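Novice: Please find one structure pasted underneath; my questions will follow.
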Amino acid sequence: MNLKLWISFGAAALATSAAAQDSNDLVLDGNAFLTEIAAPSHMENVDTIYSGWRFRTSETQALQSDDFDNPGMIFVDQAIDLWAKVDGSEGKSCASCHENVEDFAGLRPTLPRVEEGELVTMENIINECRTERMGAEPWKWSKGNMTAMTALIGLQSRGMPVNVAIDGDAAPFWEKGKELYYTRVGQLDMACSSCHEDNYGTMIRADHLSQGQINGFPTYRLKNAKLNSSHGRFKGCMTNIRATPFKEGGEEFKALELYLASRGEGLVVETPSVRN
């Protein structure tokens, strides 16, 4: 295990602010991370955006505030081993092409993004490397190896502000994601906005509804004791409102991921976060 991979983020990667030094801040290794910022201009109904960390209990916040207590780091440790593991017909590992995982600092805040006309996520990028370069089987979207690897790669950008492109080639995907966010579905006739825009801060099932920000994904949920992908959480939400979920990794959830990422513009990457 290389502990430096857990906590290696330079001063350039830290989103600190004199205005962000109160008790509401997430502090890691002595550095304050912004958990509140003015909403991006494209959001019409919300003035301020908040990290999901702000809606958690003090006990849960404490877990994320210390890498040695954060249970998500167990999976990061597993991913470090996977990084060096040879797999597939080409006899390669991730490390064969990418010697230092730290080189991926800055990737997580820009995803999803459009490549050759297609909206791609980190999971897409990982599986393309596995199938096209390693000759290995693709990993399933929300299973252990994939969420562990997305946590390791995402960790390299921890503290960097989310900044996805939503114009140009990305615009149609962003519009699709926005439409999905506000469309009521299921037997309960609810949309994402019903909870995460109209009622955030409200108690539900002994927990507070957050704004549904995804800057901390993959996130360790105490409820199921594992790392959860954003698409896995989308699926869970749709199931909870008695709707038929879209496919994890499908075009609908990728578009929704882009739109949600844009709603968190300026919040910083917290991967791996801890949530209830």
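Novice: Give me a count of the residues in region 119-150 that are of a type in the set (D, E, K, R) and on the phi > 0 side of the Ramachandran plot. So that I can check it myself, show each step before the final result.
Specialist: Keep residues of region 119-150 that are of a type in the set (D, E, K, R), which gives 123, 128, 130, 132-133, 137, 140, 143.
Filter once more, keeping what is on the phi > 0 side of the Ramachandran plot: none.
Total meeting the criteria: 0.
Novice: Then there is this: Would you please name the residue that is farthest from LEU258 (Cα to Cα), looking only at residues in region 107-128 that are part of a loop (DSSP other than H, G, I, E, B) and without any contact (Cβ under 8 Å) to a residue 60 or more places away in the chain?
Specialist: Within region 107-128, the subset part of a loop (DSSP other than H, G, I, E, B) is 107, 111-112, 116-117, 121.
Filter once more, keeping what is without any contact (Cβ under 8 Å) to a residue 60 or more places away in the chain: 107, 116-117.
On the way: LEU107: 14, GLU116: 16, GLY117: 14 Å.
Per the stated criteria, the residue is GLU116.
Novice: Of all the residues that make up region 129-182, how many are free of Cβ contacts under 8 Å to residues at least 24 places away in the same chain and either basic (Lys, Arg) or not in a helix (DSSP H, G or I) (or both)?
Specialist: Total meeting the criteria: 5.
Novice: Return the only residue of PRO138, PRO172 being surrounded by fewer than 18 Cβ atoms within 10 Å (Cβ to Cβ), assigned by TED's automatic domain parsing to the domain that holds SER51 and modelled with pLDDT of 95 or more. Spell out the reasoning first.
Specialist: Details: PRO138 fails: assigned by TED's automatic domain parsing to the domain that holds SER51.
After applying the criteria, what remains is PRO172.
Novice: Something else: Restricting region 239-276 to residues that are small (Gly, Ala, Ser), touching a Ser or Thr at 6+ places or on another chain (Cβ under 9 Å) and part of a loop (DSSP other than H, G, I, E, B), which is surrounded by the fewest Cβ atoms within 10 Å (Cβ to Cβ)?
Specialist: GLY249
Novice: Does at least one position in region 167-177 carry a residue that is of a type in the set (A, V, I, L, M, F, W, C) and closer than 19 Å to VAL268 by Cα?
Specialist: No, because not a single residue in region 167-177 is of a type in the set (A, V, I, L, M, F, W, C) and closer than 19 Å to VAL268 by Cα.
Novice: Determine whether region 188-210 contains at least one residue that is in a loop (DSSP other than H, G, I, E, B), assigned by TED's automatic domain parsing to the domain that holds TYR50, closer than 30 Å to ALA105 by Cα and at pLDDT 95 or above. Let's see the steps before the verdict.
Specialist: Initially, region 188-210 is screened for residues in a loop (DSSP other than H, G, I, E, B), giving 188-189, 191, 197-202, 205-206, 209-210.
Next, only the ones that are assigned by TED's automatic domain parsing to the domain that holds TYR50 stay: 188-189, 191, 197-202, 205-206, 209-210.
Right, trim to closer than 30 Å to ALA105 by Cα and you get 210.
Okay, now just the ones that are also at pLDDT 95 or above, so 210.
Within region 188-210 (the criterion being in a loop (DSSP other than H, G, I, E, B), assigned by TED's automatic domain parsing to the domain that holds TYR50, closer than 30 Å to ALA105 by Cα and at pLDDT 95 or above), the answer is yes, since at least one residue qualifies.
Novice: Return yes when PHE217 is in contact with a strand residue (DSSP E or B) (Cβ under 9 Å, 6 or more places away or on another chain) and under 20 Å from ASP66 (Cα atoms) and no when it is not.
Specialist: It is true that PHE217 is in contact with a strand residue (DSSP E or B) (Cβ under 9 Å, 6 or more places away or on another chain) and under 20 Å from ASP66 (Cα atoms).
Novice: Does any residue of region 102-110 turn out to be of a type in the set (D, E, K, R), surrounded by 21 or more Cβ atoms within 10 Å (Cβ to Cβ), outside the structural domain of GLY250 (by TED's automatic domain parsing) and modelled with pLDDT of 95 or more? Can you show your working first?
Specialist: Residues of region 102-110 that are of a type in the set (D, E, K, R), as a first pass: 102-103, 108.
Now restrict to residues that are surrounded by 21 or more Cβ atoms within 10 Å (Cβ to Cβ): 108.
From what's left, outside the structural domain of GLY250 (by TED's automatic domain parsing): 108.
When the remaining residues are screened for being modelled with pLDDT of 95 or more, the result is 108.
Yes, some residue in region 102-110 is of a type in the set (D, E, K, R), surrounded by 21 or more Cβ atoms within 10 Å (Cβ to Cβ), outside the structural domain of GLY250 (by TED's automatic domain parsing) and modelled with pLDDT of 95 or more.
Novice: What is the residue count in region 51-88 for residues that are hydrophobic (A, V, I, L, M, F, W, C) and assigned to a loop (DSSP other than H, G, I, E, B)?
Specialist: Start the filter on region 51-88 by keeping residues that are hydrophobic (A, V, I, L, M, F, W, C), which leaves 53, 55, 62-63, 68, 73-76, 79-80, 82-84, 86.
Checking the rest, the ones that are also assigned to a loop (DSSP other than H, G, I, E, B) come to 68, 86.
The total comes to 2.
The values are calculated or read from the model by the stated rules, or taken from the named source; none is laboratory data. Everything quoted here is computed from the prediction, not taken from an experiment. Note: ideal-geometry Cβ built from the backbone for every residue, glycine included; neighbour counts use all protein chains shown.
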